[in-house]
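The values are calculated or read from the model by the stated rules, or taken from the named source; none is laboratory data. These figures come from a predicted structure and were not determined experimentally. Note: ideal-geometry Cβ built from the backbone for every residue, glycine included; neighbour counts use all protein chains shown.
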């Protein structure tokens, strides 16, 4: 009878395993996002930082919310330079693509 009780204690609900996996993956993305936030204003300058903010990471794609269509168009022209400058500031090739969209600057 004691042996059966020991075995039951070893069982783990699949939900807790899945949550641990998702949490580990999310922490990496969160850590990357924190790094980008830390260098963003220094890389893009204060005028751009007031009108464009990093919103999320999806792999090596950085999603950036912008305040208006003119800013979106201007940043499209600067995208290549921004990727280079961000990666230099981060000291790693973290960002390979940037997608701009009009959205909240929170």
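Points to keep in mind about this one:
- Residues that are over 19 Å from residue 31 (Cα atoms) and crowded, with 18+ Cβ neighbours inside 10 Å within segment 73-88 comprise 75, 82, listed in sequence order.
- Answer residue from segment 48-70, given it is assigned to a strand (DSSP E or B) and loosely packed, with under 15 Cβ neighbours inside 10 Å and is nearest to the chain's Cα centre (by Cα) among those: 56
- Scanning segment 71-106 for residues that are over 19 Å from residue 35 (Cβ atoms) and within 12 Å of the chain's Cα centre (by Cα) gives no hits.
- Test: residue in segment 23-33 that is under 21 Å from residue 102 (Cβ atoms) and at pLDDT 90 or above: no
- Only one of the listed residues (101, 91) is exposed (fewer than 12 other Cβ atoms within 10 Å of the Cβ) and without any contact (Cβ under 8 Å) to a residue 24 or more places away in the chain. That residue is 91.
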